[in-house]
Amino acid sequence: NASTLSQHRVRFTPDLDTLHTRENLELLGELTAALLTNQLALHYQPKINLADGRITGVEALMRWNHPERGFIPPGKFIPRAEQSTLIDRLTAWALDTALAQLVAWRRDGLELTVAVNVSTHNLMQPNFVDSVVNLLKKHDLPGQHLELEVTEGAFMMDLDHSIDKLKRLADHGIQLSIDDFGTGYSSLRYLNDLPVSIIKIDQSFIRTLSPTGPTAHIVNASVTLAHQLGKKVVAEGVEDADVYRYLRDIECDMAQGYFMQRPASADDLSRWYRSEQGVFRLDP
Ligand code: C2E
Ligand code: MG
Ligand code: MG
Ligand code: MG
């Protein structure tokens, strides 16, 4: 009957919550340990300038090599870390590691910039801008070599505050991009107000792109709109040559995707860059 049911519910719900919390806490504990014992790594995926094929930058993507569970993709642990202050330590680690790698690459003649993904929680930290600027100083790099990728949702939490922070980062020459563009909220309303210089069209529009299909209109319009606002466009999730050619034809600025190169370790990325001589060629 009803009272038994509700009793059950009262007993059962907290148990589920506890389980969920314990599992979360365990994961966060392991992740904290992972940070301290070098289980985390960054892989790098190149961004290609479509007009001439030059490999101009890389995006740093976090990987967790768990001693028992093996490789855990970021989708499995970043969202959980984002619910705690651990995300600030992860981002600080990613920035430090990516900038150190960039210094090594540039010393070796690889003219790249590096992009690091930043979470809402990071932007909300009062000392975020200072910590990024301090890391650039530590590695003796100008802001222009660093790009921060922020998802649309991140701005919406507190738009005025976000704009202020992003402006301060942009004042240091840091490039800012909207990641996963088109999947978030009503982007058009604030697109003009945000001091971002790059828009990354979400891979859900690009992976299945066909010149005659419905998403082609969305991609075309996004490229035109971005250009009219003085911003550059990156297409994420380019998986074949036809999409690559199409994007180049509509004058999309950059492309990133498995077709050119999957995210790879720093060493593999350097080897690939050298073998391509810094330029991705469609028909080698
Ligand atoms: P994102 O920033 O949008 O990164 C692009 C994701 O798409 C990466 O997945 C990449 O491996 C994948 N990808 C690239 N090209 C293709 C393609 O042609 N086809 C397909 N199917 N996928 C492609 P990954 O590495 O699993 O990262 C997933 C998400 O996790 C990232 O999405 C980003 O939101 C988050 N993430 C990764 N590293 C970090 C980090 O260091 N900090 C933060 N805050 N988030 C991170
Ligand atoms: Mg990204
Ligand atoms: Mg994305
Ligand atoms: Mg994403």
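The values are calculated or read from the model by the stated rules, or taken from the named source; none is laboratory data. Note that the structure is a prediction, hence the values are computed from the model and not measured. Methodologically, a virtual Cβ is constructed for each residue, glycine included, from the backbone with ideal geometry; neighbour enumeration extends over all protein chains shown. Please note that ligands, DNA and RNA were not included when accessible areas were found on the heavy atoms of the full protein model with its side chains. Shrake-Rupley method; radii C 1.70, N 1.55, O 1.52, S 1.80 Å.
Summary table below
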| quantity | calculated |
| --- | --- |
| Estimated vicinal HN-Hα couplings, Hz - segment 107-122 in sequence order (Karplus 6.51, -1.76, 1.60; Gly, Pro = x) | 4, 8, x, 8, 7, 10, 10, 10, 10, 10, 7, 10, 9, 3, 4, 4 |
| Compactness relative to 2.2 N^0.38 Å, alpha carbon Rg of segment 157-205 | 1.16 |
| Net charge dipole size for the chain [Lys, Arg +1 and Asp, Glu -1 on Cβ; Debye, nearest 20] | 200 debye |
| Full-extension gain in nm, Leu229 to Asp160, via 0.36 nm per residue minus C-alpha separation | 22.9 nm |
| Square roots of 5 times each gyration tensor eigenvalue, C-alpha, the chain, largest first, Å | 34, 24, 21 |
| Calculated FRET efficiency for the pair Ala41/Arg274, C-beta based, R₀ 25 Å, to 0.05 | 0.75 |
| Kirkwood-based shape ratio for segment 97-162, expressed as Rg/Rh from alpha carbons | 1.03 |
| Of Lys47/Lys231; Lys47/Lys165; Lys167/Lys231; Lys47/Lys138, pairs whose Cα-Cα distance is over 18 Å | Lys47/Lys165; Lys47/Lys138 |
| Estimated 222 nm signal from helices in the chain, with DSSP H stretches of n ≥ 4 weighted -39500 (n - 2.57), rounded to 500 | -15500 deg cm²/dmol |
| With Cα atoms, 0 to 90° folded angle of helix 2-36 axis to the chain main axis | 50 degrees |
| At R0 = 41 Å, FRET efficiency that the Cβ-Cβ distance of Ser204 and Ala100 yields, to 0.05 | 0.80 |
| Normalised alpha carbon radius of gyration of segment 106-231 [divisor 2.2 N^0.38 Å] | 1.14 |
| Rounded to the nearest 10 Å², the accessible area of His121 at probe 1.4 Å | 50 Å² |
| Accessible area (Å², 1.4 Å probe, nearest 10) - Asp108 | 100 Å² |
| Of all DSSP beta bridges in the chain, antiparallel share, percent nearest 5 | 40 percent |
| Modelled FRET efficiency - R0 35 Å, Thr85 with Ala51, Cβ distances, 0.05 increments | 0.25 |
| Of all DSSP beta bridges in segment 49-190, antiparallel share, percent nearest 5 | 20 percent |
| 0 to 90° range, to nearest 10: angle between helix 128-138 axis and the chain longest Cα axis | 50 degrees |
| Dimensionless Rg ratio for segment 191-284, taking C-alpha atoms and the 2.2 N^0.38 Å reference | 1.16 |
| Charge dipole of the chain about the Cα centre (unit charges at C-beta), most positive-ward option of Leu209, Ile198, Met260 | Met260 |
